[in-house]
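Chemist: One structure coming up, written as structure tokens, with questions to follow.
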Amino acid sequence: MPQNLKRFSFTRRTATAMLLGAAAATALPGMGMAQEQVTLQAIFLPATWGVVVRDVLAPQYEKETGVKVDVQLVGRDAIHEKMATLFAAQDPSFDIFNLDYSWIPEFGAGGHLLPLDDLLSEDDKADLFKTALEVGSWNGTLYGLPQTIHPHVLWYRADLYADPEVQAAYKAKTGSDLAPPTTMAEWLQQAAYFNGTQYEGQTIYGWAAQAAKGFGNVHTWLTFLYGYGGSAFNEDFSASTLSTPEAIAATKQWAEMMKYMPPGSSAFTYDDVTTSAQQGTVATALQWSWGAFAVDDPASSKTVGDWQFVEVPAVEAGGQSHPHLASWVISVSKYSKHADEAKKFTAWLETKANDVLQASLGGGDPVRASSYSDPTLTEAKLEGSDVLRFRRYDVVLKAMQNTKPRPFFPGEEAWETVVSGPLQAIQLGEKSVEDGLAEADAAVDRLLSR
């Protein structure tokens, strides 16, 4: 996930009009005007959805209800550390938190979050993505109301792929027609072909993805693991299962493809992947769906309108990929002194109108299926062009049918740290796939024993 703020833009006229519509929309259960002047303290990620909440939605909510919401933007790891510290002390300083869903088992099981099931009607439950609700829940109780989803999708340079000279050269070299890859073998062949080639006077590379030690390389590798039918654990999370044939095959594919990323890619973060796409230095990218807003920003991108999106390639033709899911949720602290008001604000943020509004302002991909057919989004075009602004949405809908979350158990954050080291050794060629995964298995089993 991003550690720093990415630029996004919207017109004041559009924002105002949509906010008026949001104000008139039917609210979720529990809404109502505040009976007393209160100030809610909230922490959000400094991604576009956090900025939209701070700069647009929180001020509007104060106008409508009199309740002020003071939003602080804090980096991913710092949010987790802050929550752990506050909850250990049962500190009521903050009411609302923006969570990476993988923290729900940890803080939900610890009894630090308020149940939010009463915020949802049956219509809401039917409209919200099932997987997004599942990863916001622990033991059947909703602790995190979905705010944004963004599964991995494959980005590809449509202008590059459509160039007749490029198509002819690719056919002559490989014997295959150039088209967006549908299998892992096709993707590997294309990444190898494009790596180090010249296009319009610029050197390009095969692909880009997060690969930095920490959560970066783990999050990319999980899409390969799931696609090959692998799993990180046995059914009850009592043993690591990273030395299975499926996991080995997935990791070999991932490690082989690492050879065709730009120089320095073993340290790539979300921002590095985004910059590579904006500068046009890669032919493809494995990236969160939401991040596509950045390549269409004329202030920072040289490839505005050039990128298109398809599902992550499957292992075999006609097969199904299982892309890794990223999703952020909104939770309310059990120790909040304004719990009712905090829940009301959380509910208001995720009404149907505000789900569309947040997306229209660049604040993450919607969490409601109905939003993907809303003309406000489906008919929106890049300024001065006929290119659809949210042209990725059909692919996002398909990805959400088969996406898989990271291992969902209270020790997930520690698990990522343990697994990331052996994965880095594999990607740097310091260990074989088999040895690296065996080391990861042993390290995870030690973690589980504690």
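The values are calculated or read from the model by the stated rules, or taken from the named source; none is laboratory data. Predicted model only: the values in this text are computed from it and were never measured. Heads up, the Cβs are rebuilt from the backbone with ideal geometry, glycines too, and the neighbour counts pull from every protein chain shown. For the accessible areas, the whole protein counts, side chains as well, though only heavy atoms, and no ligand, DNA or RNA atoms are used. Shrake-Rupley method; radii C 1.70, N 1.55, O 1.52, S 1.80 Å.
Chemist: Out of the residues in segment 284-318 that are polar (S, T, N, Q) and outside any loop (DSSP other than H, G, I, E, B), which is farthest from GLY206 (Cα to Cα)?
Modeler: SER289
Chemist: Sticking with this one: Report, by residue number, each residue of segment 227-254 that is assigned to a helix (DSSP H, G or I) and open to solvent by less than 20 Å² (accessible area, probe 1.4 Å).
Modeler: GLY227, ALA247, ALA250, THR251, TRP254
Chemist: Might you let me know whether segment 200-209 holds any residue that is open to solvent by 10 Å² or more (accessible area, probe 1.4 Å), without any contact (Cβ under 8 Å) to a residue 60 or more places away in the chain, farther than 22 Å from PHE309 by Cβ and hydroxyl-bearing (Ser, Thr, Tyr)?
Modeler: Among the residues of segment 200-209, not one is open to solvent by 10 Å² or more (accessible area, probe 1.4 Å), without any contact (Cβ under 8 Å) to a residue 60 or more places away in the chain, farther than 22 Å from PHE309 by Cβ and hydroxyl-bearing (Ser, Thr, Tyr), which makes the answer no.
Chemist: Residues in segment 337-359: is at least one within 24 Å of LEU222 (Cβ to Cβ), in contact (Cβ under 8 Å) with a residue 60 or more places away in the chain and out of contact with any Gly (no Cβ under 8 Å at 6 or more places or on another chain)?
Modeler: Within segment 337-359, not a single residue is within 24 Å of LEU222 (Cβ to Cβ), in contact (Cβ under 8 Å) with a residue 60 or more places away in the chain and out of contact with any Gly (no Cβ under 8 Å at 6 or more places or on another chain).
Chemist: Quick one: count up the residues across segment 336-350 that are assigned to a loop (DSSP other than H, G, I, E, B) and open to solvent by less than 10 Å² (accessible area, probe 1.4 Å).
Modeler: Residues flagged as assigned to a loop (DSSP other than H, G, I, E, B) and open to solvent by less than 10 Å² (accessible area, probe 1.4 Å) within segment 336-350 amount to 1.
Chemist: Would you mind stating whether GLY362 is out of contact with any strand residue (DSSP E or B) (no Cβ under 9 Å at 6 or more places or on another chain), not in a helix (DSSP H, G or I) and not β-branched (Val, Ile, Thr)?
Modeler: When the stated conditions are applied, GLY362 passes them.
Chemist: Right, something else. Checking GLU383 against (1) touching a helix residue (DSSP H, G or I) at 6+ places or on another chain (Cβ under 7 Å); (2) more than 22 Å from LEU133 (Cβ to Cβ), only one condition comes out false. Which one?
Modeler: (1)
Chemist: Looking at segment 306-335 only, could you name the residues that are of a type in the set (Ser, Thr, Tyr) and either crowded, with 21+ Cβ neighbours inside 10 Å or in the same structural domain as TRP221 (by TED's automatic domain parsing) (or both)?
Modeler: Across segment 306-335, the qualifying residues are SER321, SER327, SER331, SER333.
Chemist: Which of the numbered conditions does GLY175 fail, given that it passes all the others? Conditions: (1) touching a residue at least 60 places away in the same chain (Cβ under 8 Å); (2) open to solvent by 10 Å² or more (accessible area, probe 1.4 Å).
Modeler: Tallying (1) touching a residue at least 60 places away in the same chain (Cβ under 8 Å); (2) open to solvent by 10 Å² or more (accessible area, probe 1.4 Å), GLY175 fails exactly one: (1).
Chemist: Which pairs have Cβ atoms under 6 Å, sit 6 or more apart or on different chains, and link a residue in segment 99-126 that is charged (D, E, K, R) to one that is open to solvent by 10 Å² or more (accessible area, probe 1.4 Å)?
Modeler: Short answer, once both residue conditions are applied: GLU106/PRO410.
Chemist: Which condition number does GLY75 fail, the rest of (1) open to solvent by 30 Å² or more (accessible area, probe 1.4 Å); (2) over 17 Å from SER331 (Cβ atoms); (3) not hydroxyl-bearing (Ser, Thr, Tyr) being met?
Modeler: (1)
Chemist: I'd like the full set of residues that are farther than 19 Å from GLN278 by Cβ and within 22 Å of the chain's Cα centre (by Cα), limited to segment 183-212.
Modeler: MET184, TRP187, listed by residue number.
Chemist: Does segment 436-445 contain at least one residue that is crowded, with 21+ Cβ neighbours inside 10 Å, β-branched (Val, Ile, Thr) and either touching an Asp or Glu at 6+ places or on another chain (Cβ under 6 Å) or not assigned by TED's automatic domain parsing to the domain that holds TYR143 (or both)?
Modeler: So far as segment 436-445 goes, yes, one or more of its residues are crowded, with 21+ Cβ neighbours inside 10 Å, β-branched (Val, Ile, Thr) and either touching an Asp or Glu at 6+ places or on another chain (Cβ under 6 Å) or not assigned by TED's automatic domain parsing to the domain that holds TYR143 (or both).
Chemist: Next up: Restricting attention to segment 408-421, which residues are open to solvent by 10 Å² or more (accessible area, probe 1.4 Å) and touching a helix residue (DSSP H, G or I) at 6+ places or on another chain (Cβ under 8 Å)?
Modeler: Selection gives PHE408, PHE409, PRO410, GLY411, GLU413, ALA414, VAL418, GLY421.
Chemist: Does ALA353 satisfy the condition of being more than 14 Å from GLN401 (Cα to Cα) and open to solvent by less than 10 Å² (accessible area, probe 1.4 Å)?
Modeler: In short, no.
Chemist: Looking only at residues that are open to solvent by less than 10 Å² (accessible area, probe 1.4 Å) and closer than 17 Å to LEU99 by Cβ in segment 35-47, which one is farthest from the chain's Cα centre (by Cα)?
Modeler: Among those that are open to solvent by less than 10 Å² (accessible area, probe 1.4 Å) and closer than 17 Å to LEU99 by Cβ, it is LEU40.
Chemist: Let me ask something else about it. Tally up the residues in segment 390-405 that are in a helix (DSSP H, G or I) and β-branched (Val, Ile, Thr), please.
Modeler: Summing the residues that are in a helix (DSSP H, G or I) and β-branched (Val, Ile, Thr) in segment 390-405 gives 2.
Chemist: For segment 261-282, check the following and say yes or no: at least one residue is of a type in the set (Phe, Trp, Tyr), open to solvent by 10 Å² or more (accessible area, probe 1.4 Å) and over 22 Å from the mean Cα position of the chain (by Cα).
Modeler: Taking every residue of segment 261-282 in turn, none turns out to be of a type in the set (Phe, Trp, Tyr), open to solvent by 10 Å² or more (accessible area, probe 1.4 Å) and over 22 Å from the mean Cα position of the chain (by Cα).
Chemist: Scan segment 392-405 and tell me whether some residue there is at positive phi and not acidic (Asp, Glu).
Modeler: Scanning segment 392-405, I find no residue that is at positive phi and not acidic (Asp, Glu), so the answer is no.
Chemist: Do you know which residues across segment 380-407 are under 21 Å from TRP288 (Cβ atoms), more than 16 Å from the chain's Cα centre (by Cα) and open to solvent by 40 Å² or more (accessible area, probe 1.4 Å)?
Modeler: Selection gives VAL387, LEU388, ARG389, ASP394.
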